[in-house]
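Inspection log for the structure reproduced underneath, given as structure tokens.
The values are calculated or read from the model by the stated rules, or taken from the named source; none is laboratory data. Bear in mind that the values here come from a model prediction, so they are computed numbers and not experimental data. Here the Cβ positions follow ideal geometry from the backbone for every residue, glycine too, while neighbour counts run over all protein chains shown. Keep in mind that these areas ignore ligands, DNA and RNA; they rest on the heavy atoms of the full protein, side chains included. Shrake-Rupley method; radii C 1.70, N 1.55, O 1.52, S 1.80 Å.
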Amino acid sequence: DGHAAGAVPKGRAEAVEPVPQTPDRYPERHWYDEETETLHVGEGTFAPVSKDVRGFSISGLDVIGSWLDYRMRAGAGRRSSDLDKIRPTTWPAEFTEELLRVIWILERTVELGPTLDALLDEIVAGPVFLAEDLPQPTEAERQAPS
């Protein structure tokens, strides 16, 4: 589609109001306004973020919510050592760039959803072959390499 391998093409969402980069304004929470399609990260705003993109989940994991939870002032996740207490004291610009890339990837994923669903339906409805139709490996091929 004209993009370099591994490159994330710019999507619709933008950092409308950057997240402040001062310690006293480090975000403590995030929320989503469905009506305005705005993702709020502390005092920062990202838009437009569609409801489908914001609500995208994989095996029950809220992708954007989880990403943000780990980067809020208190941080998410378990704490197994003193190293887990080492946290940023300001919101770095890299977090904003990374969040935008996550949103843009999800925008493209949501956009491709119907095409991918149709392709999966086509594959599932197509011909199948059984395991016994495949050639059987020899005893030597079954051995672990030495």
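Could you please give the count of residues in the stretch 70-97 that are touching a residue at least 24 places away in the same chain (Cβ under 8 Å) and of a type outside the set (V, I, T)?
Filtering the stretch 70-97 down to residues touching a residue at least 24 places away in the same chain (Cβ under 8 Å) leaves 71-74, 88-93, 95-96.
Retained after the next criterion (residues that are of a type outside the set (V, I, T)): 71-74, 88, 91-93, 95.
Here the count works out to 9.
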Checklist line | Only one of P145, P137 that is open to solvent by less than 70 Å² (accessible area, probe 1.4 Å) and not in a helix (DSSP H, G or I) | finding: P137
Next item on the list: For the stretch 105-118, indicate whether the set of residues that are surrounded by 10 or more Cβ atoms within 10 Å (Cβ to Cβ), within 23 Å of R29 (Cα to Cα), out of contact with any helix residue (DSSP H, G or I) (no Cβ under 8 Å at 6 or more places or on another chain) and not acidic (D, E) is non-empty.
Entry: yes
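So which of R87, R78 is part of a loop (DSSP other than H, G, I, E, B), surrounded by 11 or more Cβ atoms within 10 Å (Cβ to Cβ) and at pLDDT below 95? Can you show your working first?
On the way: R78 fails: surrounded by 11 or more Cβ atoms within 10 Å (Cβ to Cβ).
Unique residue meeting the criteria: R87.
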Check: What are the pairs, 6+ residues apart or on separate chains, where a residue within the stretch 105-128 that is closer than 15 Å to R54 by Cβ has its Cβ under 8 Å from a residue that is acidic (D, E) and in a helix (DSSP H, G or I)?
Finding: V110/D52
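Scan the stretch 4-12 and give yes if some residue there is in a strand (DSSP E or B), out of contact with any Gly (no Cβ under 7 Å at 6 or more places or on another chain) and modelled with pLDDT of 95 or more, otherwise no. Walk me through it before giving the result.
If we filter the stretch 4-12 for residues that are in a strand (DSSP E or B), which is where we start, we get none.
No.
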Next item on the list: Could you tell me which of the residues T45, T36 is part of a strand (DSSP E or B), open to solvent by less than 100 Å² (accessible area, probe 1.4 Å) and modelled with pLDDT of 95 or more?
Entry: T45
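Would you be able to say whether some residue in the stretch 60-69 is modelled with pLDDT of 95 or more, under 30 Å from E14 (Cα atoms), in a loop (DSSP other than H, G, I, E, B) and open to solvent by less than 100 Å² (accessible area, probe 1.4 Å)?
Scanning the stretch 60-69 turns up at least one residue that is modelled with pLDDT of 95 or more, under 30 Å from E14 (Cα atoms), in a loop (DSSP other than H, G, I, E, B) and open to solvent by less than 100 Å² (accessible area, probe 1.4 Å).
Okay, residues lined up against (1) within 17 Å of Y32 (Cβ to Cβ); (2) under 10 Å from the mean Cα position of the chain (by Cα):
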| position | (1), (2) |
| --- | --- |
| S57 | yes, yes |
| I64 | yes, yes |
| R71 | yes, no |
| A74 | no, no |
| S80 | no, no |
| R87 | no, no |
| V102 | yes, yes |
